[in-house]
Structure formats: C-alpha cells, structure tokens
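A.B. asks: The structure's right below; bear with me while I get my questions together.
Where a number appears in this text, it was derived from the coordinates with a stated rule and is not lab data. Because the structure is predicted, anything quoted here is derived from the model rather than measured. Note that each Cβ is placed from the backbone with ideal geometry, even for glycine, and that neighbours are counted across all protein chains shown.
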Amino acid sequence: MAKRKTSTNDNPNEVSCLSQKARIEQHLNAGNFITSLGALNRFGCMRLASRVSDLNSHGKVVDKVRVVTNTDKRVDAYYKRDAVQKRYKVNDELFNEFVKDLAQVLVKKGDA
C-alpha cells in the first residue's frame, strides 16, 4: 500500500484543497474579508479555519476579527492587514477600530 504524502493538510483531495487555498488567498490579497459561510458560498470550502492555518503556516499572515451576525451569532472574519490597509487607505492609528466596524457591516450585509 502506498503511503500518503503528509502535510499540514489532511484533505485527501490535495488538488481541490490547493485550489481553495489559492482562491481564498487571492480574495484576501484583494483586501476583502471572508467568513466560513462566505468561503462555503464563494469557494465551496467547508473548513476555512484550516485553509487559513495552511496560509499562516506558509508565512502568509492572515488576521481575524470576531463579529456578530444579524442573528446574534459570533463569527470570525478573516483578512490580511496589509491588503485591507492598501485597499481602504487606513493609517495604523485607526486600523483596529476600522477593521472591526467594516467587518461588522460586511457580515451583516452578507458580503464577507
């Protein structure tokens, strides 16, 4: 029996997973936010936290902010700080409050 290649990804379908990871990274590099539901709807990804972990383990820094949905559920919205700062032209002093407010609005609109 052939040994399966070990990696940080336990998904037996490596090609599909890499495709999801690449598409998620591209989405984040554009300065967008993404939640688990957004990843499922946009990319068919059911394990966003695992894909983010894969990105982080390869040196791609992905941050998260906890937001509240319209139904009072708490979810994580992932983003890349440098990409969001570039897209929205926000300085360091205001960044943390800006991210929290923007992510909250996008999640409530269903855009994250």
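A.B. asks: Which order do peptides 40-53, 80-93 fall in by mean Cβ count within 10 Å, highest first?
C.D. replies: 40-53, 80-93
A.B. asks: Another question, then. Would you calculate the convex hull of the Cα atoms in segment 63-112 and tell me its volume per residue in Å³?
C.D. replies: Enclosed volume per residue, from the Cα hull, is 65 Å³.
A.B. asks: While we're looking at this one, here's another question. Filter K21/K89; K60/K109; K21/K100; K21/K80; K21/K108; K21/K109 down to the pairs with a C-alpha to C-alpha distance above 22 Å, please.
C.D. replies: As for pairs spanning more than 22 Å Cα to Cα, those are K21/K89; K60/K109; K21/K100; K21/K108; K21/K109.
A.B. asks: Evaluate 2.2 N^0.38 Å with N set to the residue count of segment 16-109, then give the Cα radius of gyration divided by it.
C.D. replies: In units of the 2.2 N^0.38 Å rule of thumb, it is 1.03.
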